[in-house]
Amino acid sequence: MIMPREIEVEALRARLERGENLTILDVRPASEREEWFIPGSVHHDAYHALAAKQDAALADVRLPAGVPVVTVCGAGKTSVVAADQLAERGFEAYSLAGGMKAWSLAWNTAEAVTRQASLIQFRRTGKGCLSYLIGSGAEAVVVDPSLDPEVYLTLAAERGWTIRHVLDTHVHADHLSRGRHLAKRAGASFWLPEQDRARYQHRVLRDNDEIRFGASTLRAIQTPGHTMESVCYQVDDAWLLTGDTLFPAAVGRPDLEASPEEARARALLLHQSLRRLFAMDAGLLVLPNHSSRPIAFDRRLIATTLGDARHAIQLPADAEAFADSVLRRIPPTPPNHHTIVALNEVGVVPTGDPTDLEAGANRCAVG
Ligand SMILES: [Fe+2]
């Protein structure tokens, strides 16, 4: 139940998306803030003083007068103490209910348009997952959904689109796929690249297979490496949805759910896949599956041209040298990835709060 001095994630998200003037005061220890934060928030490490209920915990915090304040901590308890203290000082103050853990589900959008189609990039700013709703005429596809199905259904309905197809680029390791459930709710087909991992009914896309929707065409491009089944989806001559294969300045990690030998084999395949992508039209817009940083409510697309990605990555000609360099720079393993992969393979989103399992930042890239 929401308490009088609390604000829910959805309400804060909507206010930020509307561009309202708010101060967000993050009172967590610096080590927690380093992991993830709300874009534009102010940091004041008052965690221990607040937890000890010290009256002067926020005495030296200067905040703009007359602007509502939202206080944030890890789970939404200490931030209530902070909001109470600020209210005593005359601020309109709220605590973010559920804290940063609940914020994991917050999202915002950015958009791109061509003559044939409109693309909406959904960004889970609280976690970094990116997903896509692309409409053409009266039909739409969704790629890599990581939010509640209602979010996509509502936006599609507002645009007058019927979601015909839902696709994942691979079996995900750092978020629960909502694809199967969205497809069911929408009465759409659910597609996966060819693999023997998913143990539920789905349709299979093979290399160069095409799906038509409205006046647009989506084409599957097999790009193994991050996982064996990973694909990219090209939409018309405009967009290249690269999943976790290629990011604006990073490539997909090849080591999850793999032995060291398998990781090396995948790194070599990734080299081939990237060569294939980099031979495509340099003007295609690369639209990845995640960001490793919190995403501002700025409506700016997270994307780059294929030409710029090629320049940023400087792929060596020698596949072995590429594998060595990628395997040397593997980031820490995302928490709970075994459990998430296992659930995605059976197509189950557990009932209740998904944020426990999905805790932590996306870590599918090697930068
Ligand atoms: Fe991934």
Self-check item: Odd one out for Asp356 among (1) at pLDDT 90 or above; (2) assigned to a loop (DSSP other than H, G, I, E, B); (3) surrounded by fewer than 16 Cβ atoms within 10 Å (Cβ to Cβ); (4) more than 16 Å from the ligand (Cβ to nearest atom)
Solution: (1)
Quiz item: Among the residues of the stretch 274-301, which ones are open to solvent by less than 40 Å² (accessible area, probe 1.4 Å), outside any helix (DSSP H, G or I) and within 16 Å of the ligand (Cβ to nearest atom)?
Solution: Val286, Leu287, Pro288, Asn289, His290, Ser291
Quiz item: Quick check: is even one residue across the stretch 58-68 outside any helix (DSSP H, G or I) and crowded, with 19+ Cβ neighbours inside 10 Å?
Solution: yes
Quiz item: Identify, please: which residue in the stretch 18-44 is surrounded by 15 or more Cβ atoms within 10 Å (Cβ to Cβ) and of a type in the set (Asp, Glu) and is, among those, farthest from Asp298 (Cα to Cα)?
Solution: Glu32
Quiz item: Is there a residue being modelled with pLDDT under 95, over 30 Å from Asp148 (Cβ atoms) and not charged (D, E, K, R) anywhere in the stretch 31-43?
Solution: yes
Quiz item: What are the residues in the stretch 132-180 that are more than 18 Å from the chain's Cα centre (by Cα) and either touching a residue at least 40 places away in the same chain (Cβ under 8 Å) or assigned to a loop (DSSP other than H, G, I, E, B) (or both), if any?
Solution: Gly135, Ser136, Gly137, Ala138, Glu139, Ala140, Arg159, Gly160, Trp161, Arg164, His165
Practice problem: With respect to Gly135, determine if the residue is open to solvent by less than 20 Å² (accessible area, probe 1.4 Å) and either under 22 Å from Leu256 (Cβ atoms) or away from the ligand (no atom under 16 Å from the Cβ) (or both). | Solution: yes
Quiz item: When you go through Thr351, Thr355 one by one, which is the residue that is β-branched (Val, Ile, Thr), more than 26 Å from Leu269 (Cβ to Cβ) and touching a residue at least 24 places away in the same chain (Cβ under 8 Å)?
Solution: Thr355
Practice problem: Residues that are touching a helix residue (DSSP H, G or I) at 6+ places or on another chain (Cβ under 9 Å): find the strands (runs of 3 or more DSSP E) completely inside the stretch 190-272 holding 2 or more of those. | Solution: 216-222, 239-243, 250-252
Quiz item: When you scan the stretch 252-263, how many residues do you find that are touching an Asp or Glu at 6+ places or on another chain (Cβ under 9 Å) and touching a residue at least 60 places away in the same chain (Cβ under 8 Å)?
Solution: 6
Self-check item: Checking Ala198 against (1) on the phi < 0 side of the Ramachandran plot; (2) in contact with a strand residue (DSSP E or B) (Cβ under 7 Å, 6 or more places away or on another chain); (3) away from the ligand (no atom under 16 Å from the Cβ), the condition it does not meet
Solution: (3)
Quiz prompt | Number of the condition not met by Pro316 [criteria: (1) within 15 Å of the ligand (Cβ to nearest atom); (2) farther than 19 Å from Asn289 by Cα] | solution = (1)
Quiz item: Which residue, of Ser292, Ser325, Ser273, is in the same structural domain as Glu194 (by TED's automatic domain parsing), within 30 Å of Gln116 (Cβ to Cβ) and hydroxyl-bearing (Ser, Thr, Tyr)?
Solution: Ser273
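The values are calculated or read from the model by the stated rules, or taken from the named source; none is laboratory data. From a predicted model like this one, the values you see are computed outputs, not experimental measurements. Note that we place each Cβ from the backbone using ideal geometry, even for glycine, and neighbour counts take in every protein chain shown. When the accessible area is computed, the model is the full protein with side chains, heavy atoms only, and any ligands, DNA or RNA have been set aside. Shrake-Rupley method; radii C 1.70, N 1.55, O 1.52, S 1.80 Å.
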